[in-house]
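Colleague: One structure follows; several queries about it will come next.
The values are calculated or read from the model by the stated rules, or taken from the named source; none is laboratory data. Computed from a prediction, not measured in an experiment: that's the story for all the values here. Cβ sites come from the backbone with ideal geometry, for glycine too, and all protein chains shown count toward neighbours. Side chains are part of the model used for accessible areas, which takes the heavy atoms of the whole protein and leaves out ligands, DNA and RNA. Shrake-Rupley method; radii C 1.70, N 1.55, O 1.52, S 1.80 Å.
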Amino acid sequence: MKIRSTALVKGFRQSTPYVNAHRNKTMVIMLGGEAFTDKNFTNIVSDIALLHSLGVKLVLVHGAKLKLTNFLNTMIVTVPITKAFESRQKSA
């Protein structure tokens, strides 16, 4: 039998306690609207799929702030941010 000591195998072995600790737990992942246009988006989706396959229950919170802001800017509307809430006001 061949014994492997590659970095990949070592990484899996070191991650085992974390996988076991998070299996059947709920994890909330917030994806901002900019994530959908990021060049790394495919990797983000792969990582989310991996978490799911490892038994992590996922809640995805998606945002569209970037797209909405760009759209509102084309309509000459400002989006001021006040505390955790956003309101839209027409520019004068």
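Colleague: To the nearest 10 square angstrom, what accessible area does F71 show with a 1.4 Å probe?
Modeller: Its heavy atoms expose roughly 120 Å² to the probe.
Colleague: Quick check: from the Cα gyration tensor, does segment 1-67 come out rounded (a/c under 1.5), prolate or oblate?
Modeller: Oblate.
Colleague: PRE reach from K67 (point 7 Å along Cα→Cβ): which of segment 17-51 fall under 14 Å by backbone N?
Modeller: Correct set: 31-38.
Colleague: On to the next question. Once fully extended, how much extra length lies between N20 and L54, figured as 0.36 nm per residue of separation less the alpha-carbon to alpha-carbon distance?
Modeller: 11.4 nm
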